[in-house]
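Everything on this sheet refers to the single structure shown next.
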Amino acid sequence: MEINLSKNRAAENLVDYALRLGFSVSVVYEGEDDLTKSTNFDEISEAMYACDDIILEFYDKESEEYQGFAYIVINAGELGTEVSDYSGNQNQWAEWLDEWSDKYMNNFDFYGDKQTF
């Protein structure tokens, strides 16, 4: 599956990719209510910006089986979002995260700017 090039911020791009794979997404952050297993992109995006550092957890929409996580840093202003860590290489069941990362980094840098080669 290809990434959505219209969503250049890393976290939003990752959420879009996960939803298109058929996953639900939980937004987890300390000290606030969590958003649990949503499939609504707008709802997830809003929850992501409630805190500076969050964890996205991914679940199969049908079986609710855990599909991995991503640690997200929300940067100020125009800097966008960074995916600073994720459950990829160490977990076979999260290979989709490695695939997303490769596709994203072939098009955008960490701050969502177009890569020029």
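The values are calculated or read from the model by the stated rules, or taken from the named source; none is laboratory data. For clarity, every value in this text was computed on a predicted model and none was experimentally measured. All Cβ positions, glycine included, derive from the backbone under ideal geometry; neighbour counts span all protein chains shown. Note: accessible area is taken over every heavy atom of the protein model, side chains too, but ligands, DNA and RNA are not part of it. Shrake-Rupley method; radii C 1.70, N 1.55, O 1.52, S 1.80 Å.
Miscellaneous remarks
- Total residues in segment 1-12 satisfying the condition of being within 19 Å of D85 (Cα to Cα) and among the aliphatic types (A, V, I, L, M): the figure is 3.
- Residues that are surrounded by fewer than 20 Cβ atoms within 10 Å (Cβ to Cβ), at pLDDT below 90 and closer than 22 Å to S84 by Cβ within segment 13-44 comprise Y29, E30, G31, E32, D34, listed in sequence order.
- Considering the conditions (1) open to solvent by 60 Å² or more (accessible area, probe 1.4 Å); (2) at pLDDT 85 or above, A70 is excluded by exactly one of them, (1).
- Residue check for I54: open to solvent by less than 60 Å² (accessible area, probe 1.4 Å) and part of a helix (DSSP H, G or I): no
- Qualifying residue in segment 86-98 (condition: open to solvent by 70 Å² or more (accessible area, probe 1.4 Å) and either within 19 Å of E46 (Cα to Cα) or at pLDDT 80 or above (or both)): yes
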